[in-house]
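S.K.: I have a structure here, written as structure tokens, and I will follow up with some questions on it.
The values are calculated or read from the model by the stated rules, or taken from the named source; none is laboratory data. Not measured: the values here are computed from a predicted model. As a convention, Cβ positions derive from the backbone with ideal geometry for all residues, glycine included, and neighbour counts pool all protein chains shown. For accessibility, only protein heavy atoms count, side chains too; no ligands or nucleic acids. Shrake-Rupley method; radii C 1.70, N 1.55, O 1.52, S 1.80 Å.
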Amino acid sequence: MKIAFSTSGSNLDAPLDSRFGRCASFLIYDLETDQFEIISNLQNLTAAQGAGIQAAETVVRSGAQALITGHCGPKAFKVLSAAGVTVYNAAEGTVHAALNAYKAGQLPPTSSADVEGHWS
Amino acid sequence: MIIAMASGKGGTGKTTLSVNLAKAFSQPVQLLDCDVEEPNDHLFLGGELLNETIVSVLVPEVDASRCDGCRACSAFCRYNAIIVPGKTALVFPELCHSCGGCIKVCPQNALKEVEQRIGLIRTWRSGGISLLQGQLDVGVASAPPLIRVLKERIEPDRIVILDAPPGTSCPVVTTLRGADLALLVTEPTPFGLHDLTIAVEMVREINLPMAVIVNRMGIGDDRVQRFCQAENIPVIAEIMDDRRIAENYSRGLAAIDHVPGFRAVMIELRDKITALCRKEA
């Protein structure tokens with residue numbers, strides 16, 4: 001199973017980006033192989049609208065079945081839930097710390113968007 | 001004759017002047033309240049509500065039995081209003097700009113256009129003034145589609161006054177397009193001047209004749225006038241700051257009927273505007 005993280009960097013020590021739609025990139029971590037890949041989200045940083053929707057589609061296309069991010073708005077959440085991606089909200093810290101928290105079962109899945117659109 | 005009353009800064013007197021100017025004409029006037037996010041011209045006319053029409057835009061609807069998830073629609077949509085998260089497309093109508101492109105590019109004919117309500121147009125009558133008011137539904141993000149439908153009702157042979165929303169964004173540009181004259185209402189303050197400067201740039205971009213009305217004279221300074229002189233923009237009225245005008249506004253009354261001397265000011269303005277429109281025509 002693959003997990004997507006919103007991040008401002010490009011490795012496991014990089015900080016988790018609290019923004020979802022307009023984060024710099026996604027780190028897609030494969031739990032079976034313990035390998036990861038980076039998918040750029042830069043095209044969404046300048047999107048006039050719908051950044052969260054596009055970012056959600058990127059995550060869905062990566063094959064990830066879970067997303068760990070800071071905050072997720074209602075439209076992105078709608079896309080992710082339609083595709084069966086579980087969303088987890090994690091506090092600030094590194095991707096690695098969030099991954100460990102997930103593995104330890106410390107991150108409860110969210111059942112709805114935790115912020116309004118355009119919150120940041 | 002189509003006159004658009006605009007301003008950069010809010011609260012400079014667009015509505016006050018639109019309503020009072022409409023009442024200064026002896027001929028029939030069409031007054032369009034294009035500030036569809038919070039229309040209020042009707043409060044000062046006290047007219048009779050004649051009718052109400054629902055305005056809708058077209059948005060796509062997905063037939064899940066036909067959609068094969070090919071993503072042609074989402075690749076086409078620059079507004080991210082349609083996306084394919086799984087096997088079928090998902091529409092976000094509030095982001096849709098009703099271009100119809102997704103429907104044309106869909107190879108499966110899985111999309112069709114359906115109506116989505118965005119607001120109302122109300123018609124009021126008060127003496128010789130017929131007021132057309134757009135009112136956007138709460139939660140609808142985009143005002144220009146409603147303003148365009150409202151403007152389809154313009155009868156160009158009549159005297160038409162467009163009361164624009166404040167600012168210089170899309171709803172204002174949509175209101176101003178096609179007008180014969182843009183009147184920029186400002187106040188003689190640094191804020192007024194700052195926003196007037198941006199409004200002038202916008203009107204030049206749309207390429208309309210324009211004139212400035214300085215409202216609330218007596219506050220601030222003369223920088224607005226100096227700016228207009230340097231930019232070669234006529235200042236066609238300087239209206240004194242008068243507490244009685246504000247008091248009437250707060251009671252929902254048109255100052256022209258209640259403040260001595262104000263009718264003469266509005267009639268002078270009316271005649272200058274008429275002359276300016278003739279000159280430009």
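S.K.: Take the stretch B:195-208 and flag every residue that is touching a residue at least 40 places away in the same chain (Cβ under 8 Å), buried (at least 16 other Cβ atoms within 10 Å of the Cβ) and over 12 Å from B:VAL172 (Cα atoms).
M.R.: Across the stretch B:195-208, the qualifying residues are B:ASP195, B:LEU196, B:LEU208.
S.K.: Test B:GLY252 against the stated conditions and say whether it is touching a Pro at 6+ places or on another chain (Cβ under 9 Å) and either within 30 Å of B:GLN116 (Cα to Cα) or not in a strand (DSSP E or B) (or both).
M.R.: Answer is no for this residue.
S.K.: Against the conditions (1) within 13 Å of the chain's Cα centre (by Cα); (2) away from chain B (no Cβ under 14 Å), where does A:LEU67 fall short? Just the number, please.
M.R.: Only one criterion in (1) within 13 Å of the chain's Cα centre (by Cα); (2) away from chain B (no Cβ under 14 Å) is unmet by A:LEU67, namely (2).
S.K.: Find the helices (runs of 4 or more DSSP H) located wholly in the stretch B:91-181 whose residues include 3 or more that are farther than 15 Å from B:THR53 by Cβ, and list them.
M.R.: By residue number, B:101-105, B:170-176.
S.K.: If you check B:ILE154 against the conditions, is it closer than 24 Å to B:HIS42 by Cβ, surrounded by fewer than 22 Cβ atoms within 10 Å (Cβ to Cβ), of a type outside the set (Asp, Glu) and in contact (Cβ under 8 Å) with a residue 24 or more places away in the chain?
M.R.: Taking the combined requirement at face value, the residue satisfies it.
S.K.: Continuing with this model, one more query. Which condition breaks for B:THR197 when tested against (1) part of a helix (DSSP H, G or I); (2) within 30 Å of B:ARG78 (Cα to Cα); (3) among the polar types (S, T, N, Q)?
M.R.: (2)
S.K.: Which one is least open to solvent (accessible area, probe 1.4 Å) among residues in the stretch B:209-244 that are outside any loop (DSSP other than H, G, I, E, B), polar (S, T, N, Q) and without any contact (Cβ under 8 Å) to a residue 60 or more places away in the chain?
M.R.: B:GLN225
S.K.: Considering only residues of the stretch B:72-85 that are out of contact with any strand residue (DSSP E or B) (no Cβ under 7 Å at 6 or more places or on another chain) and more than 9 Å from chain A (Cβ to nearest Cβ), which is farthest from B:CYS96 (Cα to Cα)?
M.R.: If we take residues in the stretch B:72-85 being out of contact with any strand residue (DSSP E or B) (no Cβ under 7 Å at 6 or more places or on another chain) and more than 9 Å from chain A (Cβ to nearest Cβ), then B:ALA72 is farthest from B:CYS96 (Cα to Cα).
S.K.: Would you confirm, using the coordinates I've provided, whether A:GLY117 is closer than 13 Å to A:ARG19 by Cα, touching a helix residue (DSSP H, G or I) at 6+ places or on another chain (Cβ under 9 Å), modelled with pLDDT of 90 or more and not aliphatic (A, V, I, L, M)?
M.R.: no
S.K.: May I ask you to list the residues in the stretch B:86-132 that are open to solvent by less than 20 Å² (accessible area, probe 1.4 Å), farther than 28 Å from B:ASP33 by Cβ and within 14 Å of chain A (Cβ to nearest Cβ)?
M.R.: Passing the criteria: B:ALA89, B:PHE92, B:CYS102.
Every residue, every condition in (1) open to solvent by less than 70 Å² (accessible area, probe 1.4 Å); (2) over 16 Å from A:TYR88 (Cα atoms), yes or no:
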| residue | (1), (2) |
| --- | --- |
| A:ILE3 | yes, no |
| A:SER6 | yes, no |
| A:ASN11 | yes, yes |
| A:ASP17 | yes, no |
| A:PHE26 | yes, no |
| A:THR46 | no, yes |
| A:GLY52 | yes, no |
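S.K.: Further question on the same structure: Just to be sure before I move on: is B:ALA275 small (Gly, Ala, Ser) and exposed (fewer than 14 other Cβ atoms within 10 Å of the Cβ) in the structure I sent?
M.R.: Against the criterion (small (Gly, Ala, Ser) and exposed (fewer than 14 other Cβ atoms within 10 Å of the Cβ)), B:ALA275 qualifies.
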